[in-house]
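Participant: Structure incoming, see below.
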């Protein structure tokens, strides 16, 4: 049983700030805009990623065995491999498949290491051998040029992540991938509403905007967060997805 091995307070309510944030933003639905100037140079696939002001972008046409990856992540949860992740949250846990170690789930600076340590010393962790389908997805389908931190992120039933921003400027941050996304669990963005996650959805997220997560289901919510050098293959998938949603495939 996944709960065994963890000391998790039961029936913990999200704090008042998180509940107020959800009440104000969860039901919003704001139209996204698409700027052809961000994608009109075929030699520059960074421009849109670095300057887009939309809150999220679903990346299309990348195959993912999300059921197989979910089984691997649940096995790791069942065997108590995860570590708790960051304050201003409850029931939020993490585990690195690729990084400086399986349990060092924050940036290198948080551990007193040089800022570039992740770029020079990240590797497949000891966890990778337990999730071959996840590794195959990363190597042969997501196809980043190189990886730094790649993490399973689990939010337990009743768990929450308080409103926060991860970037001080506009543009997309890390890639967020829904391994599952149980009904009743939502990632909400300030002034934009609820992200349309479903199992297998691969999203670029503009984490400049305040966002929060609350799992009001009875099932652990499991996503992957991927950091590293995206490379042309993945960047081109992002640009094509942006063009498709903006009706600009002829550009």
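Participant: Starting from the Cα gyration tensor of the stretch 48-95, take the square roots of the eigenvalues, sort them a ≥ b ≥ c, and report rounded, prolate or oblate (rounded when a/c is under 1.5, otherwise prolate if a/b is larger than b/c, else oblate).
Facilitator: Note, shape of the stretch 48-95 comes out oblate.
Participant: While we're looking at this one, here's another question. Using just the helices of the chain, give the 222 nm mean residue ellipticity in deg cm²/dmol: DSSP H runs with n ≥ 4 each add -39,500 (n - 2.57), and the total is spread over all residues, rounded to 500. Intermediate values should be presented prior to the final figure.
Facilitator: Details: 6 runs with 54 residues, N = 251.
-6000 deg cm²/dmol, from helical runs alone.
Participant: Fewest first, what order do 56, 124, 160 take by the number of other Cβ atoms within 10 Å?
Facilitator: On the way: 56 22, 124 16, 160 26.
Ranked by crowding around the Cβ, least crowded first: 124, 56, 160.
Participant: Starting from the eigenvalues of the Cα gyration tensor, five times each then square-rooted, give me the equivalent ellipsoid semi-axes of the stretch 64-127, largest first, whole Å. Don't jump to the answer; show the numbers that get you there.
Facilitator: Values: eigenvalues 106, 51, 18 Å².
Equivalent-ellipsoid dimensions as semi-axes: 23, 16, 9 Å.
Participant: What number, in nm² with one decimal, is the all-direction average of the projected area of the convex hull of the alpha-carbon atoms of the chain?
Facilitator: Working: hull surface 53.1 nm².
Average of the hull's projected areas for the chain equals 13.3 nm².
Participant: Additional query: Stokes-Einstein diffusion coefficient for the stretch 133-236 at 10 °C in a medium of 1.306 mPa s, Rh from the Kirkwood formula over Cα pairs: what value in µm²/s?
Facilitator: Values: Rh = 14.4 Å.
Answer, rounded: 110 µm²/s.
Participant: Taking the Cα centroid of the stretch 101-163 and of the stretch 72-89, what is the distance between the two, rounded to the nearest whole Å?
Facilitator: Using only Cα atoms, the two centres lie 13 Å from each other.
Participant: Sequence gap at least 6, Cα distance under 8 Å: using those rules, report the relative contact order of the stretch 16-245 to the nearest whole percent.
Facilitator: On the way: 483 pairs, mean separation 69.4, N = 230.
It rounds to 30 percent for the stretch 16-245.
Participant: Once you have a ≥ b ≥ c as the square roots of the Cα gyration tensor eigenvalues for the stretch 118-163, tell me rounded if a/c is under 1.5, and otherwise prolate or oblate according to whether a/b is larger than b/c. Intermediate values should be presented prior to the final figure.
Facilitator: On the way: a/c = 2.05, a/b = 1.62, b/c = 1.26.
Prolate, because a/c is 1.5 or more and a/b exceeds b/c.
Participant: So how do 24, 237 line up by other beta-carbon neighbours within 10 Å, fewest first? Present the calculation step by step, with values, prior to reporting the outcome.
Facilitator: Details: 24 12, 237 20.
The order, fewest Cβ neighbours first, is 24, 237.
Participant: Shifting gears a bit: Give me the tail of P(r) for the stretch 1-142 as a percent: Cα-Cα pairs with distance above 20 Å.
Facilitator: On the way: 6826 of 10011 pairs.
Summing the P(r) of the stretch 1-142 above 20 Å gives 68 percent of all pairs.
Participant: Here's something else I'd like to know. What nm value, rounded to one decimal, do you get for the distance between residue 83 and residue 233 when each label is placed 7 Å out toward the C-beta?
Facilitator: Placing both labels 7 Å along Cα→Cβ, they lie 3.0 nm apart.
Participant: Now a separate question. Using Cβ counts within 10 Å as a stand-in for footprinting exposure, how do 43, 240, 198, 119 rank, fewest first? All intermediate terms of the calculation are to be shown ahead of the outcome.
Facilitator: Details: 43 5, 240 17, 198 10, 119 13.
Going from least to most buried by this count: 43, 198, 119, 240.
Taken together, the values in this text are just the output of simple stated rules run on the coordinates, not laboratory data. Because the structure is predicted, anything quoted here is derived from the model rather than measured. Note that we place each Cβ from the backbone using ideal geometry, even for glycine, and neighbour counts take in every protein chain shown.
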